[in-house]
Every structure is written in C-alpha cells, then in structure tokens.
1. Would you mind checking which residues have amide H under 5 Å from Leu131's amide H? H placed 1.01 Å from N; only 5 or more apart, or other chain.
2. Between Lys58 and Val133, what length in nm is gained on full extension when 0.36 nm per residue of separation is reduced by their alpha carbon distance?
Amino acid sequence: FQAPELRFIYNIPRYKQWYCDIGIPENHLFHFPSTFFSYELQREDFGKDPIRALAGKKSRLKNPIIAAGTGARDWKTVIEASRELEVPLHIFGERNQYPGPVPKNVRWHGIRPLDTYLRDIRDCRFLVISLPVTRRSAGQLTAATGMFFGKALIASDIPSLENYVIPGQTGILV
C-alpha cells in the first residue's frame, strides 16, 4: 500500500478511515462521489435519452409506491412497514428473497422488463430502497434511476447510498 504509484478510489466517505486503518496512506486515497451523473454512466443499455425513448408510454400502475431492487434487499422490513399502508405497495424484485406471506396491499411483480421498469419508476409517487446494513455496496443503480426521474427516495441509511440520497432534498434516509 505504500508504493508511491498506488492510488485507491473510494466512493463512501465514512469508509476513508477504515482504508487508513488497514494501512493505506491518506494521500493515496481519492474520493470519487457517485451522484446524479452516475445514472448516465450506469444505464448505457438504455441509450442516451431514456426520456425520449419512454415518451407517450404510460405505466399501467396508477401513481404507485414502489420498492425495487434485485440484490441485497431487506424485504422483511418493507413487508412489515407495508402493513400500515392503506394503499398498494408494488415490489419489483426477486420473490424468492422473501418466501413468507405478504399483506393484501402488496403486489409482488418480480423482475420487470427494462422499459416497463423504467416507465413504472418514472410514474411512481416515490421509490423505496430497503437495504440491510452491510459493507456490500448495493442500491445505487435503483437510487440513480429514481433520481434521474426526479422521484423522492425512502432509503436505508447505509454507507452505499450516502452519496445518492441528500436527506430532505432528494429523499429520506431511515
């Protein structure tokens, strides 16, 4: 870690001290925040203009609340919280990650085709991203997708999202 030509990039500010603690010199660390621009870098598969590509296409869901994601999701917390809702909650994620029963107001859609997924996110009320506390990086693409479409996020307060969700401005961290 001490070689002068070595440089390390990190995107989660609170991990800086951890990297220093394992022996990486502070002057070898560079913070590269993942923010609004990351959507364009991560969604190459949808082309340069997803707004135009989705023009005229409406979601079949009516102003939904959506919880989304494929990996490392805390569906148990989402399901428990949804029991208090008087409106439907639509989940886009792998059903096998939560094998238990779900309340009547929960609609589990599974994995959606990309154009349908983006259309539903674009037309949703807000987006829920519930993640377990872990050192694993997860949730950024879902957050960037919601933010690209100007949606408020309700997300877990974990390190991997701290560069995405600005509390009180782009969403709420819980």
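1. Asp74, Ser156
2. Taking 0.36 nm per residue and subtracting the Cα distance, the gain is 23.5 nm.
No value in this document is a laboratory result; all are computed from the given coordinates. Given the structure is predicted, the values throughout are model-derived calculations rather than measurements.
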